[in-house]
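To keep things clear, I will list the structure first and then write my remarks on it.
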Amino acid sequence: MRSQQLLKIAKDFGGPVYIYDSEKIKTQYRKLEIAFRSVKNLSINYAAKALSNVNILKYLNNLGAGLDTVSFQEVELGLKAGFDPKDIIFTPNGVSIDEIEKVVSYGAQINIDNLAMLEQFGNKHPSVPVCIRINPHVMAGGNNNISVGHIDSKFGISIHQIPHLLRIVENTKMNINGIHMHTGSDILDIEVFLHASEILFNTARKFKRLSFIDFGSGFKVPYKKGDIETNIDELGEKLSVRFNEFCRDYGRELTLVFEPGKYLVSEAGYFVSKVNSVKQTTSTVFAQIESGFNHLMRPMFYGSYHEIENLSNLSGEERFYSVVGYICETDTFGSNRKIREIKEGDYLVFKNAGAYCFSMSSNYNSRFKPKEVFWIGGEGHLIRREEKFDDLIRNQVDLSNEVLAS
Ligand SMILES: *Cc1c(COP(=O)(O)O)cnc(C)c1O
């Protein structure tokens, strides 16, 4: 989207505001489809936790996506958005059997990543098809915080536990219909991904009734100029060949599943906030915005980089700033950034604000969660109102003074 469009939306709707560009989501979705066009059955399941506004889910459903979910609440959101339960996969970690059973009752595909749970579930429901999440112990990511394939990870069933897994399946007579891995965010190296895929194929051979193989996600998108982006075309070419070969050997046309979050929505999102004040200190100039890690916590949580631009001054002099929030804790969005001269009341935009941004927002400091706007058909549509005071106290229970004095 153009800077003028973002500024106009921020002024029309009032900041702070998240803005999502529908065209970018569509472009990313089609790029994946095209890269894997030689695979007969392809399913792109959008990872709902990246951005879960029901309008975004509906939009992706209309594009033809399935849904990847990690909680029964996300499954319910998916159903509300119109997804067929058959197109929803539930890939939780550390949830109770009650939650899994609830999702089974909705008709969604379940994915189990723990042997104790698999045995318990298989004993109770041997006829329900189950996908299993494997940990191939391959790290495709760079950042330790978001790499989930390593040996100490809490995710997945270790490939070294396959003999035990097979015993459970044999004993319970349960039906394993899918094999899954998700090796973590940020795949830099396609060879690493292909290596993990071979481990997945080897595991898949041990099961006779599969209908799909799910390769997870972790596709990398650029956050700043010069960043490497996962080469989807190259991955598509190489993995499709291997997948089609595997299907021929296996004797059945399986479905190739991906579950991208970031790849589909990261670059489509913008967060725009007004500048409250510009504060000169002994070491830097702070631009203090009308927001904080209550709205956008990735920079503080993961040290992630979000490009910042001054929408109100697109051609002025560049100066160095530390952009911070209003939360009573250190909440630095970016330090020592070169940004065009900032004045009070200017609007700053944070790029790559589609994935894991609104969905990680909170009410810390008793602040309201911001509004969301969907840019579609050349127009901005409000898809979430800003919260109000009532939202903050809705679930609080007032005790009487008598009780409080006791
Ligand atoms: C979070 C998650 C994804 C999405 O990861 P991205 O890096 O956003 O693409 C996919 N699958 C599972 C199981 C996840 O937990």
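Structural remarks
- Each Lys or Arg adds one and each Asp or Glu takes one away; over the other residues whose Cβ falls under 9 Å from the Cβ of Ala48, this sums to -1.
- Taking the DSSP bridge list for the chain and keeping only pairs wholly inside it, about 45 percent are antiparallel.
- Theoretical gain in end-to-end length, Asn395 to Lys154 [0.36 nm per residue, Cα-Cα removed]: 83.5 nm
- The dipole here belongs to the range 36-265: it is taken about the Cα centre, uses +1 on the Cβ of Lys and Arg and -1 on the Cβ of Asp and Glu, and is about 400 debye.
- When Rg and Dmax are taken over the Cα atoms of the chain, they come to 23.1, 74 Å.
- Estimated from the Cβ-Cβ distance and a Förster radius of 35 angstrom, the FRET efficiency linking Leu382 and Ser71 is about 0.85.
- Antiparallel DSSP beta bridges within the range 36-265, percent to nearest 5: 5
- The largest accessible area among Lys351, Lys274, Lys338 belongs to the first residue in Lys338, Lys274, Lys351, and the rest follow in falling order (1.4 Å probe, all chains).
- Here r is the Cβ-Cβ distance between Met1 and Glu237 and R0 is 35 Å; the resulting FRET efficiency, rounded to 0.05, is 0.70.
- Tilt relative to the chain, helix 22-35 - C-alpha long axis, 0 to 90 degrees, to 10: 30
- Ser105-Arg319 FRET efficiency (beta carbon distance; Förster radius 45 Å; 0.05 resolution): 0.20
- Net length gained if the chain between Asn171 and Lys49 were fully extended (0.36 nm per residue, minus Cα distance): 40.4 nm
- Angle in degrees between helix 3-13 and the longest Cα principal axis of the chain, rounded to the nearest 10: 80
- Computed over neighbours whose Cβ is under 13 Å from that of Pro370, the net charge equals +2, Lys and Arg +1, Asp and Glu -1.
- On Cα atoms only, tilt of 54-63 relative to the major axis of the chain in degrees: 50
- To the nearest 10, the accessible area of Tyr364 is 90 Å² with a 1.4 Å probe.
- When the surface is traced with a 1.4 Å probe over the full set of protein chains, Met300 keeps roughly 60 Å² accessible.
- Taking 0.36 nm per residue of separation and subtracting the Cα-Cα distance, full extension of the segment from Val192 to Asp12 would add 60.2 nm.
- Annotation for the range 280-350: GluC sites (Glu not before Pro) lying in DSSP loop with at most 13 further Cβ atoms inside 10 Å of their Cβ are Glu317, Glu329, Glu344.
- In this structure, the pairs whose alpha-carbon distance is over 31 Å, taken from Lys80/Lys351; Lys80/Lys224; Lys40/Lys224; Lys86/Lys225; Lys26/Lys154, are Lys80/Lys224; Lys40/Lys224; Lys86/Lys225; Lys26/Lys154.
- Excluding same-chain neighbours fewer than eight residues apart, the aspartates and glutamates reachable from Lys338 by a Cα-Cα span under 16 Å are Glu307, Glu309, Glu317, Glu318, Asp346.
- Of Thr282, Thr230, the residue with the largest accessible area leads and the full order is Thr282, Thr230 (1.4 Å probe).
- Prolate/oblate/rounded call for the range 36-265, Cα gyration tensor, a/c under 1.5 rounded: rounded
- Rounded to the nearest 10 Å², the accessible area of Glu379 at probe 1.4 Å: 110
- Percent accessible area from carbon and sulfur atoms, the chain, protein chains only, probe 1.4 Å: 47
The values are calculated or read from the model by the stated rules, or taken from the named source; none is laboratory data. Keep in mind that what you see is a predicted model, and the values were worked out from it rather than measured. Because the Cβ atoms are built from the backbone with ideal geometry, glycine has one as well, and the counts that use them run over all protein chains shown. Accessible surface is based on the protein model in full, side chains and every heavy atom, while ligands, DNA and RNA are left aside. Shrake-Rupley method; radii C 1.70, N 1.55, O 1.52, S 1.80 Å.
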